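The values are calculated or read from the model by the stated rules, or taken from the named source; none is laboratory data. Model, not experiment: these values are computed from the prediction. Here the Cβ positions follow ideal geometry from the backbone for every residue, glycine too, while neighbour counts run over all protein chains shown. In case anyone asks, the SASA skips ligands and DNA or RNA and just uses the protein heavy atoms, side chains included. Shrake-Rupley method; radii C 1.70, N 1.55, O 1.52, S 1.80 Å.
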Amino acid sequence: MPIFAYRATDFSGIVTEGKMEVRDEQTAVSRLQDDGKIPIRIVKEHSQETSSINVSIATLFLRISKREILTLTQEMATLLEAGLPLDRSLSILSGLTPNQSLRQIIDQVLADVQGGTSLASALSKHPHIFSRLYVNLVRAGETGGALNAVLRRIAEFLERAQDLKDYLSSAMAYPIVLFAASGASIVLLLTFVVPRFATIFSDAAVSLPLSLQFLLTVSEILSTYWWGIMIICISLIIACRLYTYTPTGLLIWDQLKLNLPFLGSVLQKAEVAGLARTLGTLLRNGVPILQALEIVKETVNNRVFSLAIDEASQNLKSGVGIGDALKQIRVFPSLATQMTIVGDETGRLDTMLLTVADTYDQQVRTSIKRLTSLLEPIMILGMALIVGGIVISMLVGIFSINDLPL
């Protein structure tokens, strides 16, 4: 049977850790509860080698990741659901957190809460860790007396967003590595292999094929002026980055991304999924629609969508429904706007928005899977054609030299 490592506490706040060999996670939870303990974290144990690697990496990077915020939210929700007071829960979490930076922030939040400050106000003092979305959801939970339920919803929201991000990263990892390896191989051929034959061709009194002349010219430029090419490329990258920091440049760049063939549609669906999930989560927790749109505007990554949300807010203020407001700005897909209109008309807008998010999450995964399955053979074929063209050009040149009369 698998081994599960657990971390639990009792009602006095004493934390215990250990391992147990059980059939599944639910069995481990039941056994801990039978022993009078509150399970905080239960993880299926992997190999010791993997654990040691994770520990060493964690010691190298002390930054606070989104995954750590997700774990913190899940554990806080578990402690509050078990009936522990907020200050005791924060104190326990401070002792459980391995990240020193995050522990200091929890201690500051605990001190503020013990001083009479609400949890939302205490979290708002750390905007680089807890987003405005996070703080407003916590504030809504405190106001409605359902903080533990809201924290559980925040954890679900963060987990879904993190899962999609992890999926996109893992799906694009192989094409990126393949592209880098292909580029490095071609540059290696042009800068080290081809120049070895350049002297042979230069001594031959024969007219070389145009393809070989072009190849030798490119090779000479790369070999001689590689430093200049690097300076130009780095300068262009820096200039583009600086330009995208301006409002106009950022808008043009975001519009360009949405207009890319195939990839633009994927980016649009990903933005709609994130926007719908954020808005639906806010509305479900009692945040007013206009305030929710203002928060959502800060969470979107694309300037085009940010401006569209501004326009939708203005339409809402003039009395238009949210679905019609999104339809008028013509940025959101037709399916998303129609489902939003139905949700608005039936009074189930939050549920429908979360359904929209799930729908487009799945579409993004399918599109990315299709994109990567197409990219891999295309890139391999492209590299084969380029390398084959280089080799054939050199062989044609060699054959032309061998045809010289003695």
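Can you give the extra length, in nm with one decimal, that the chain gains between ASP34 and GLN213 once fully stretched, where that is 0.36 nm per residue apart less the Cα-Cα distance?
Taking ASP34 through GLN213 to full extension adds about 56.4 nm, to one decimal.
For the chain, with all protein chains present and a 1.4 Å probe, just round the carbon and sulfur fraction of the accessible area to a whole percent.
For the chain, the apolar C and S fraction of the accessible surface comes to 61 percent.
Using a 10 Å cut-off on Cβ atoms, rank the peptides 361-369, 25-33 from the highest mean neighbour count down.
361-369, 25-33
Quick one: dipole size for the chain, taken about the Cα centre, charges +1 on Lys/Arg Cβ and -1 on Asp/Glu Cβ, in debye to the nearest 20.
Roughly 360 debye, rounded to the nearest 20.
Over 29 Å between C-alpha atoms is what I'm after, so list which of LYS165/LYS327; LYS66/LYS317; LYS125/LYS327 land there. Before the final figure, lay out the partial values.
Values: LYS165/LYS327 27 Å; LYS66/LYS317 34 Å; LYS125/LYS327 37 Å.
Violating the 29 Å Cα-Cα cut-off are LYS66/LYS317; LYS125/LYS327.
In the calculated pair distance distribution of the chain, what percentage of Cα-Cα distances lie above 36 Å?
47 percent
With every protein chain left in place, what is the accessible area per residue of region 179-247 in square angstrom, probe 1.4 Å?
Accessible area per residue, region 179-247: 72 Å².
What is the gain in length, in nm to one decimal, between ILE237 and ILE398 on full extension, counting 0.36 nm per residue of separation less the C-alpha to C-alpha distance?
Extra length from ILE237 to ILE398 when fully extended: 54.0 nm.
Lys/Arg Cβ at +1, Asp/Glu Cβ at -1, dipole of the chain taken about the Cα centre: which of LEU158, SER118, VAL320 is farthest positive-ward?
Looking along the dipole axis, the top candidate is VAL320.
Compute the accessible area per residue over region 296-356, keeping the other protein chains in place, probe 1.4 Å, unit Å².
48 Å²
How do LEU395, LEU222 stack up against each other in accessible area, from largest to smallest, with a 1.4 angstrom probe?
LEU395, LEU222
With every protein chain kept in place and ligands, DNA and RNA left out, what is the accessible area per residue of region 63-156? Probe 1.4 Å, answer in Å².
That works out to 43 Å² per residue.
Along the charge dipole of the chain, Cβ charges K/R +1 and D/E -1, which of ILE390, TYR134, TRP253 sits furthest on the positive end?
Of ILE390, TYR134, TRP253, it is TRP253.
About the Cα centre of region 130-262, how large is the charge dipole given +1 on each Lys and Arg Cβ and -1 on each Asp and Glu Cβ? Please answer in debye to the nearest 20.
Numbers: 9 positive and 8 negative charges, 85 e Å.
The dipole magnitude comes to about 400 debye.
Quick check: the distance between the Cα centres of region 269-331 and region 109-186, to the nearest angstrom?
19 Å
Say a paramagnetic label sat at a point 7 Å from the Cα of ALA146, along Cα to Cβ; which residues of region 255-298 have their backbone N under 17 Å from it?
Hits in region 255-298 for ALA146 at 17 Å: 279-289.
Sort ASP24, ASP34 by heavy-atom solvent-accessible area, probe 1.4 angstrom, most to least.
ASP34, ASP24
If the reach is capped at under 26 angstrom between alpha carbons, list the lysines near LYS19, excluding any in the same chain fewer than eight residues apart.
Partners found: LYS37, LYS44.
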